[in-house]
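The values are calculated or read from the model by the stated rules, or taken from the named source; none is laboratory data. Being a predicted model, the structure only gives us computed values, none of them experimental. FYI the Cβ positions are ideal-geometry reconstructions off the backbone, even for glycines, and counts take in every protein chain you see.
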Ligand code: SF4
Ligand code: SF4
């Protein structure tokens, strides 16, 4: 890998457009990702209780809604499991296919791609843009460059606003936003994201990938000689006497072969389409985001020449050296198993999360009170969390403390908890200890919460302690 760690200012990369398999895949992913991001907050989802937005981060209520899944603040460890899964999945995919995340899925790649699409529609393809960049400022340049930046700003603004819409009711928040009645946080979020999107996708572009993103720095530790990466087949391209343009009597494949020349006709198309402005023929480089556009470019040249495709292709170092690519290796299998385990753990966590939670905290000051009739009183703070979307009714009882009486203060009869809500109750337990025999000062017993109505059927039992003098 060549050393390009030092920032080397160069003129702005003006990639040429290209058609082909990988460009089609990238465009498909771009359309899908944009559709998901921009449409999701506008979609409604009927719930028995709670907001009707399909995806919503409800900060005041500390809830995250996605379809019928409701994530509460106490479920935040799902997020840690999700982040762990994302990390091992990234390692697994990178070990097999190099930087496919960078080339196809990264936000920076997607937004720069969209920005460049806008730019090429207004200013034309590479040659026209370079000419426009070099020409003196006149009406045409002001109109084209100004129009490009205006559309970039509009897309950046729409990106920022859309992000803000995930945190409130999209329809209501949009109406408030444009009438000056939205919360300050909504304006702050939208405009900060607008500014960062515009800065990163319009001005920084490939600089983020080359000089700022940490992922490009540690990718090399995940690559090995069996990783499939975008590579130039140097042996085929250079032959024994090097690459040469198809001039005069060097147009025919056989003639070139006979003279020791390779299949690279030195057209430079692979370099012109590269979004980071590098030459893949120089070998694996830190600036290569593995977008595979140089493969499309070179394949189209090979097609024109009538030669076999694949001078630039996804291949491994082993394959280029004439050996077989080994996919089943200890590291790959290890990352694969870790990915499966992390997925299973996340699914298990989400599916086994309790819909009814009971927590008991004993009041410690005072730990106990001796009443005039000789009985002892302990107090407890009880919290019942009904995480279902239906109202529920419960009966709270004591078990394992014979003759003890439970009093719930102002709560008389069954305990009723609204959907997706919690109820706090102050409980007192009065107990007359037996007058004979050995008596432990710390008696273990249980609180049993039995659902009488609602979605949950199973009772919830919590072990607690009763303290005696
Ligand atoms: S060298 Fe090829 S794969 Fe790498 S960034 Fe440039 S066009 Fe994409
Ligand atoms: S596109 Fe292919 S033939 Fe043209 S310079 Fe690149 S590697 Fe050589």
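I need a count of the residues in the range 169-186 that are loosely packed, with under 15 Cβ neighbours inside 10 Å and not in a helix (DSSP H, G or I). First the steps, then the outcome.
Quick first cut of the range 169-186, residues loosely packed, with under 15 Cβ neighbours inside 10 Å only: 171-172, 175, 178-181, 183-185.
After this cut, where a residue has to be not in a helix (DSSP H, G or I) as well, the list is 179-181, 183.
Number satisfying all stated conditions: 4.
Condition check: surrounded by 14 or more Cβ atoms within 10 Å (Cβ to Cβ) and closer than 23 Å to residue 446 by Cα. Does residue 364 satisfy that? Break it down stepwise before answering.
Working: surrounded by 14 or more Cβ atoms within 10 Å (Cβ to Cβ): no; closer than 23 Å to residue 446 by Cα: yes.
Answer is no for this residue.
Against the condition farther than 17 Å from residue 203 by Cα and within 15 Å of the chain's Cα centre (by Cα), how does residue 83 come out, does it pass?
Details: farther than 17 Å from residue 203 by Cα: yes; within 15 Å of the chain's Cα centre (by Cα): yes.
The answer is yes for residue 83.
For residue 292, which of the numbered conditions (1) within 12 Å of ligand 1 (Cβ to nearest atom); (2) at pLDDT below 95; (3) closer than 19 Å to residue 320 by Cα fails to hold?
Evaluating residue 292 over (1) within 12 Å of ligand 1 (Cβ to nearest atom); (2) at pLDDT below 95; (3) closer than 19 Å to residue 320 by Cα leaves (2) as the failure.
Taking the range 216-242, which residues are assigned to a loop (DSSP other than H, G, I, E, B) and over 43 Å from the mean Cα position of the chain (by Cα)? Spell out how you get there, then give the answer.
Initially, the range 216-242 is screened for residues assigned to a loop (DSSP other than H, G, I, E, B), giving 222-228, 233, 240-242.
Of everything in the range 216-242, those that are assigned to a loop (DSSP other than H, G, I, E, B) and over 43 Å from the mean Cα position of the chain (by Cα) turn out to be 240, 241, 242.
Here are some conditions: (1) under 25 Å from the mean Cα position of the chain (by Cα); (2) modelled with pLDDT of 95 or more; (3) away from ligand 1 (no atom under 16 Å from the Cβ). Residue 92 meets all but one. Which one does it not meet?
So residue 92 meets the others, but not (2).
If you check 423, 415, which single one turns out to be buried (at least 17 other Cβ atoms within 10 Å of the Cβ) and not assigned by TED's automatic domain parsing to the domain that holds residue 75? Explain how you work it out, then say what you get.
Details: 423 fails: buried (at least 17 other Cβ atoms within 10 Å of the Cβ).
That would be 415, the only listed residue that is buried (at least 17 other Cβ atoms within 10 Å of the Cβ) and not assigned by TED's automatic domain parsing to the domain that holds residue 75.
Using the structure shown, decide if residue 299 is in contact (Cβ under 8 Å) with a residue 60 or more places away in the chain, surrounded by fewer than 18 Cβ atoms within 10 Å (Cβ to Cβ), within 14 Å of ligand 2 (Cβ to nearest atom) and closer than 28 Å to residue 111 by Cβ.
On the way: in contact (Cβ under 8 Å) with a residue 60 or more places away in the chain: yes; surrounded by fewer than 18 Cβ atoms within 10 Å (Cβ to Cβ): no; within 14 Å of ligand 2 (Cβ to nearest atom): yes; closer than 28 Å to residue 111 by Cβ: yes.
The answer is no for residue 299.
Taking the range 259-279, which residues are within 19 Å of residue 14 (Cβ to Cβ) and either surrounded by 21 or more Cβ atoms within 10 Å (Cβ to Cβ) or more than 9 Å from ligand 2 (Cβ to nearest atom) (or both)?
Of the residues in the range 259-279, the ones within 19 Å of residue 14 (Cβ to Cβ) are 267-279.
Within the range 259-279, 270, 273, 274, 275, 276, 277, 278 meet the criteria.
For the condition more than 9 Å from ligand 2 (Cβ to nearest atom) and touching a helix residue (DSSP H, G or I) at 6+ places or on another chain (Cβ under 7 Å), what is the one hit in 243, 256, 236? Spell out how you get there, then give the answer.
Details: 243 fails: more than 9 Å from ligand 2 (Cβ to nearest atom); 236 fails: touching a helix residue (DSSP H, G or I) at 6+ places or on another chain (Cβ under 7 Å).
Just one listed residue meets the conditions, 256.
Could you tell me how many of the residues in the range 256-288 are assigned to a loop (DSSP other than H, G, I, E, B), touching a residue at least 40 places away in the same chain (Cβ under 8 Å), near ligand 1 (Cβ under 6 Å from one of its atoms) and touching a strand residue (DSSP E or B) at 6+ places or on another chain (Cβ under 9 Å)?
Result for the range 256-288: 2.
Can you tell which of 345, 314, 335 is outside any loop (DSSP other than H, G, I, E, B) and within 13 Å of ligand 1 (Cβ to nearest atom)? It would help to see each step written out before you state the result.
On the way: 345 fails: within 13 Å of ligand 1 (Cβ to nearest atom); 335 fails: within 13 Å of ligand 1 (Cβ to nearest atom).
Among 345, 314, 335, only 314 is outside any loop (DSSP other than H, G, I, E, B) and within 13 Å of ligand 1 (Cβ to nearest atom).
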